[in-house]
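Okay, so here's the structure we're looking at.
The values are calculated or read from the model by the stated rules, or taken from the named source; none is laboratory data. Because the structure is a prediction, the values reported are computed rather than measured. So basically every Cβ, Gly included, is an ideal-geometry build from the backbone, and we count neighbours across all protein chains shown. For accessibility, only protein heavy atoms count, side chains too; no ligands or nucleic acids. Shrake-Rupley method; radii C 1.70, N 1.55, O 1.52, S 1.80 Å.
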Amino acid sequence: MEIKLEVNRKHYILDVTEDERLLDVLRNRLGLTGTKEGCGEGECGACTVIMDGKTVNSCLVLAGQADGRRITTIEGVGSRRSPHPVQKALVEVGAVQCGFCTPGMVLSAKALLDQNPKPTDDEIAVGMSGNLCRCTGYDKILRAVRKASEEVAE
Amino acid sequence: MTQVIGNGSIREDAWGKVFGESKYPADFNRPDQIYGVVIRSTQAHARIRSINVDKARLPGVITILTAEDMVYNRHGVLFRDQPVLAEERVRMIGDPVAAIGAESLAAAKQAAALVEIDYEPLPAIFDPEEGMKPSALPLHPELFPDTNILYHLPIRRGNMDEGWTQAEVVVEREYSTQMVDHAFLQPEAVLAYIDERGHVVVQVATQYAHYDRGEIAHALGLKNSKVQVKTTTVGGAFGGREDISLQIIAAMMAWKTMRPVKFENTRNESFYSHSKRHPMKMYYKTGAAKDGRLVALEAKIIGDAGAYTSWSPNILRKAAVHATGPYEIPHVKIDSYAVYTNNPYTGAMRGFGAAQPVVAYESQMDLLAKELGISQVEIRMRNLLKVGSTTATGQVLTESVGAEACLKAVLPYLTGKEGRV
Amino acid sequence: MKKRGVGIGCTWYGTGYGNGFPDVSSAFLEIHDDGSATVLTGAIDVGQGSSTVYAQIVAEELGLKPEDITVVTGDTDVAPDSGTTAATRQTYNTGNAVLRAVRQAKGKLQAYAARTFSCTTPEGIELKDGYIGVKGDPSRRMPLGEMVSTARLQGERFISAESFTAQTTPVNMENGQGAPYWPYAFGCQAAEVEVDTETGIVRVLKIVAAHDVGKAINPTQVEGQIAGGVAQGLGYALLEQVELKEGKIQNPALSSYLIPTALDVPEIESIIIEETESSGPYGAKGLGEPAMLPVVAAVINAIDDAVGVRITSLPATPEKILAALAEKEPERR
């Protein structure tokens, strides 16, 4: 089946199979391997992308369901010359360890701050609770999101 | 004098990680690669009567590996007691039995479902205390002909009778800890290929590339210098990437087919393809004198090694050595045992045998304090190791013993809580 | 009813392979003629940050910035074997190998510089802020890169290969006597919990974690290890269990094998204790594994403090707590 996708401001027309997931399309067809697969059942959040402004687990979205949607993956957020405040804060606070959860964390934090630029600590914890991390104990990740929110608010 | 030691230098790899640039093994692909799937045992203990792969030879299937394809079919961190692919016997659910390589993952999975394995179930052991009984069937007769106890460390110090005589209070309890998984976020994956030199290259996330190289070379019958392990970014490990998982199978498949081979575990497969933390049963009897000094400890610690040795002797050694906790106890009788069962094999995990006894020795401290009517802090301060202390193994601690300093540092946060501590 | 309690856990951890096993790490190093350096070691950074520690060690010794140092690891075709990233050994063991390697190459450079500056001893040469020069004589110094470059034109090379072996002895198998590990790391954590006596649910409110690391080469990373260890310890104490039925895993999925989320981990306060270990790089020991140990006991002891039940089997699930409370009920009345 043919689908149209906008991914990181680029337009694609793709012929996908019925059981193909958005995650597979991103990783295997578009080579956007920054989106990770950690569990395949929407529990870990490593495959988080932003679809029409909202975060989704791309392992739970069939490619067909993404037809006509606008997707942002980690490759579409910030750059070395101009990192997003969340990315900068994660690095500076020391919130990155193995890094496998990091792309998903960045996208969840970005989506949170896009909708709510001044979240409370509880709102940050809730907003990030769909993304599992096994290394950091979340402590520095939550601090980094707080720091980024202060920068965004300025 | 120091300029960069003691400051929080930023890690260089953090930038690549926040941009999603860092590559983990599943992120690598090579042209013309084939996709591998491992077929794992559904039986906890069984003899393999036959493996029939006829129906699995579907279009798109390139190769089917079984034990017969290996040059040397064993690996293991201490003893090479773990078959790469099962031979005549499986010892746990999840033992790799065969592997399919196909042009697509879908074809490999389809073929894997068509491999017929005829098992003859054998009596299985799931409780290590059952496994310790002399009547139990030995699970590794080639290593231990008449027992499943693969390791026993006795620690003896002082005189137990004297210790119990000095004890004003004695607390005796049983403790148990559960099996847990490392649950690193990145499931195992590997890309193996033959490079332009004719060398076997294995890209993998591992804790110890040189060990992996040795095991791959050994299993394939190659020199170390002809095998290159290139470690990708590693998505967490915590001990779960110590033992070999997919590396040898992928390397052998690439060597046999001369094509790049990719394996990528699902989370479900990941649960079956690495070790677990040892469940332990811990029998503790601890005595303290009237003034709160610990005078005697008798402990028996039994660890479930599961189906293979992995690091079990080292882990049960660590459990025994750390069984006293960070305290000086003059009269000690400790025995730790590692026992084979048909549970998933257990191995290294953060804490490595020193994690389990924590719940036992620190519970005993609180219970003793209660019996003696002194505070939990007081009983610890009276017994903590310091410079010059002797441990249960007779080791004298000559420097850098921060136990008291650590306890004192947390005290301000404990005082004032209803006066209990 | 919700009841609060506090508890402590004190632990120790012998680092390294131990028991007389030759626990060896190795490193290759080269100082380049532009004032940068490359170090090669087999020690793999699994996310904890060991590569950054090695960059800091080399930078410290050469008076450079960590970003001037490239650390190459994990490729068996280029890097020497440095043992496994486990046993809380990579800062101590491979850190020592890297320190020895950089000091060896630095020693050659100091000897060359001493001749250049007419200084009577190599020890009189200091490397600081990107410069190499004579201690106490600011008129005799030049950028490090310039010195290396000049030396290279005269055929000098500043490369090194070094190893470090941790010291232990095997325990006697009759009585367990011996010195099986060195160094030992220590930790103490305090936990405050709230136990719901109706549901048995334990909420951890705060953790204070003090760890003796010898020397914190990178305090940010030390805090990261502590918080990560606390989260894993909490999962071990309260949540996680591979459920087996006749050897078969019943919950091989992250939807049924539950690990802590951002909502399960409380405020964590880290306290770094530095009891210098003379055999460690700058006095450092290690922290990776010790960080997860004390919290397990602190939480179990805090539950007892809160509701008066002693949980002896991990994890301390709501079911076990409710069962223990029910058993205790008669004696209350």
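Size descriptors for region A:1-106, from the alpha-carbon set: Rg then Dmax equal 13.8, 45 Å. Averaged over the residues of B:281-291, the number of partner chain Cβ atoms lying within 10 Å of the residue Cβ comes to 0. Remark: relative contact order (chain B) = 19 percent; criterion is Cα-Cα distance under 8 angstrom and separation of 6 or more residues.
Volume of the convex hull of region A:28-73 (Cα atoms only), normalised per residue: 73 Å³.
For the interface of chains A and B, what total accessible area is buried with a 1.4 Å probe, rounded to the nearest 100 Å²?
Details: alone 8490 and 19750 Å², together 25920 Å².
Roughly 2300 Å².
Counting only other chains, and only Cβ atoms inside 10 Å, what mean value do you get across the residues of B:239-247? Working shown, then result.
Numbers: counts 7, 0, 5, 4, 0, 0, 0, 0, 0.
Per residue, the number of nearby Cβ atoms from other chains is 2 on average.
A Cβ-based charge dipole, computed about the Cα centre of the protein assembly as shown with Lys and Arg at +1 and Asp and Glu at -1, lands at about 820 debye. Sequentially through region C:298-310, phi angles give Karplus couplings (6.51, -1.76, 1.60; θ = phi - 60°) of 4, 5, 5, 5, 5, 4, 4, 4, 6, 10, x, 10, 9 Hz, Gly and Pro residues having no value and appearing as x.
By the scheme Lys and Arg +1, Asp and Glu -1, what is the net charge of all other residues having a beta-carbon under 13 Å from that of B:V339? Kindly include the intermediate steps, with their values, before the conclusion.
Details: positive: B:K133, B:K281, B:K300; negative: B:D127, B:E129, B:E130, B:D304, B:D335.
Charge balance in the 13 Å sphere: -2.
Surface calculation, 1.4 Å probe, protein heavy atoms: A:S79 sits at approximately 50 Å² accessible. Hydrodynamic analysis of chain B uses the Kirkwood radius over alpha carbon pairs. Inserted into Stokes-Einstein at 37 °C and 0.692 mPa s, it gives a translational diffusion coefficient of 136 µm²/s. How far is helix C:219-234 tilted, in degrees, relative to the longest principal axis of the Cα atoms in chain C, given as a value from 0 to 90 rounded to the nearest 10? The angle comes out near 20 degrees. Using the Kirkwood radius over C-alpha pairs as Rh, can you work out the diffusion coefficient of region A:85-153 via Stokes-Einstein at 20 °C, viscosity 1.002 mPa s, in µm² per second? Stokes-Einstein gives a translational diffusion coefficient of 187 µm²/s.
With a cut-off of 15 Å on the backbone N, the residues of region B:327-346 near the modelled label site 7 Å out from B:E162 along Cα-Cβ are B:329-333. Modelled spin-label separation between C:L263 and B:Y283, with each label point placed 7 Å from Cα along the Cα-to-Cβ direction: 4.3 nm.
Kindly provide the trypsin sites (Lys or Arg not before Pro) of region C:1-63 that DSSP labels as loop, not H, G, I, E or B, and whose Cβ sees at most 11 other Cβ atoms within 10 Å. Sites meeting the loop and neighbour criteria: none at all.
Here the average projected area of the convex hull drawn through the C-alpha atoms of chain C stands at 23.0 nm².
The residues of chain A have, on average, 42 Å² of accessible surface per residue, using a 1.4 Å probe with all protein chains present. Solvent-accessible area lost on pairing C with B (1.4 Å probe, both sides summed) amounts to about 9100 Å². Taken over the protein assembly as shown, the alpha-carbon convex hull comes to 181 cubic angstrom per residue.
For B:L150, the amide hydrogen comes within under 5 Å of the amide hydrogens of B:A338, B:V339, B:Y340, counting only partners 5 or more places away or on other chains and with H modelled in the peptide plane. Loop only per DSSP, at most 14 neighbouring Cβ atoms within 10 Å: give me the GluC sites (Glu not before Pro) in region B:110-191, ordered by residue number. Answer in residue order: B:E142.
The 1.4 Å probe gives accessible areas that order B:K386, B:K223, largest first, as B:K223, B:K386.
Solvent-accessible area of B:T42, all protein chains in place: 90 Å² (probe radius 1.4 Å, heavy atoms, ligands and nucleic acids excluded). Think of each Lys and Arg Cβ as +1 and each Asp and Glu Cβ as -1; about the Cα centre, that makes the dipole of chain C roughly 380 debye. What angle, in degrees between 0 and 90 and rounded to the nearest 10, separates the Cα long axis of helix C:144-153 from the longest principal axis of the Cα atoms of chain C? Value to nearest ten degrees: 50. Applying D = kT/(6 pi eta Rh) to region B:247-351, where Rh is the Kirkwood radius over alpha-carbon pairs, T corresponds to 20 °C and eta to 1.002 mPa s, the Stokes-Einstein value obtained is 129 µm²/s.
When you restrict to C-alpha pairs under 8 Å that are six or more residues apart and normalise by the size of region A:2-76, the relative contact order lands at 41 percent. Distance between the C-alpha centres of region B:273-296 and region C:55-114: 39 Å, rounded to the whole angstrom. Solvent-accessible surface, computed for protein heavy atoms with a probe of 1.4 Å, shrinks by 50 Å² or more for the following residues of region C:179-217 when the other protein chains are added to the isolated chain: C:Y181, C:W182, C:F186.
Taking amide H as placed 1.01 Å from N in the peptide plane, the amide H of B:R89 sits under 5 Å from that of B:I48, each at least 5 places away or on another chain. Looking at region A:1-34, the trypsin sites (Lys or Arg not before Pro) that sit in a DSSP loop and have at most 12 other Cβ atoms within 10 Å of their own Cβ are A:R9.
Per residue and in cubic angstrom, what volume does the convex hull of the Cα atoms of region B:370-415 have?
Details: hull volume 3.6 nm³, N = 46.
Given the Cα convex hull of region B:370-415, per-residue volume reads 78 Å³.
Ligands, DNA and RNA left out, the accessible area of region A:85-153 computed with a 1.4 Å probe is 50% carbon and sulfur. In region B:376-418, the residues that give up 50 Å² or more of accessible area when the other protein chains are added, compared with the chain on its own (1.4 Å probe), are B:T393, B:Q395, B:E399, B:S400, B:C406, B:V410, B:Y413, B:L414, B:K417. The phi torsions of region C:264-281, fed into the Karplus equation with coefficients 6.51, -1.76 and 1.60 and a -60° offset, translate into couplings of 8, 9, x, 4, 10, 10, 9, 10, 9, 9, 10, 9, 3, 9, 5, 8, x, x Hz, rounded to whole numbers, with Gly and Pro shown as x. Taking the Cα atoms only, what angle lies between the long axis of helix B:356-372 and the longest principal axis of chain B, rounded to 10 degrees? Taking the Cα atoms of chain B, the angle to B:356-372 is about 20 degrees. Most fluctuating residue of A:V49, A:V126, A:V77 in a GNM of chain A with Cα springs under 10 Å: which is it? So, out of A:V49, A:V126, A:V77, the one fluctuating most is A:V126.
Can you flag which of B:K230/B:K256; B:K55/B:K256; B:K370/B:K408; B:K370/C:K215; A:K4/B:K262; A:K147/B:K408 are past 27 Å Cα-Cα?
In this structure, B:K370/C:K215; A:K4/B:K262; A:K147/B:K408 exceed 27 Å between Cα atoms.
The apolar share of the surface of region A:2-76, taken as the fraction of accessible area on carbon and sulfur atoms (1.4 Å probe, ligands and nucleic acids excluded), comes to 40 percent. In sequence order, region A:81-89 has phi-based couplings of 6, 9, x, 5, x, 5, 5, 4, 5 Hz under the Karplus curve 6.51 cos²θ - 1.76 cosθ + 1.60, θ = phi - 60°, and Gly or Pro positions carry x.
Other chains' Cβ within 10 Å of B:262-269 residues: what's the mean?
Values: counts 0, 0, 1, 0, 6, 12, 7, 1.
Per residue, the number of nearby Cβ atoms from other chains is 3 on average.
Using Cα-Cα distances under 8 Å and only pairs 6 or more residues apart, what relative contact order does region B:200-285 have, in percent? All intermediate terms of the calculation are to be shown ahead of the outcome.
Values: 86 pairs, mean separation 26.6, N = 86.
Reported as a whole number, the value is 31 percent.
Write down the accessible area per residue of chain B in Å², having rolled a 1.4 Å probe over the full set of protein chains.
Working: 14100 Å² over 421 residues.
Ligands and nucleic acids excluded, the result is 33 Å² per residue.
Could you tell me what percent of the DSSP beta bridges with both partners in the protein assembly as shown are antiparallel, to the nearest 5?
Rounded to the nearest five, the antiparallel share is 75 percent.
Summarising the amide proton neighbourhood of B:S389: residues at separation of 5 or more, or on other chains, whose placed amide H is nearer than 5 Å comprise B:L397. Only protein heavy atoms count here; under a 1.4 Å probe, A:C47 has an accessible surface of about 10 Å². Considering every alpha-carbon pair of region B:117-274, the percent of pairs per 10 Å bin, from zero through the bin containing the longest distance, is 9, 24, 23, 23, 12, 6, 2, 0.
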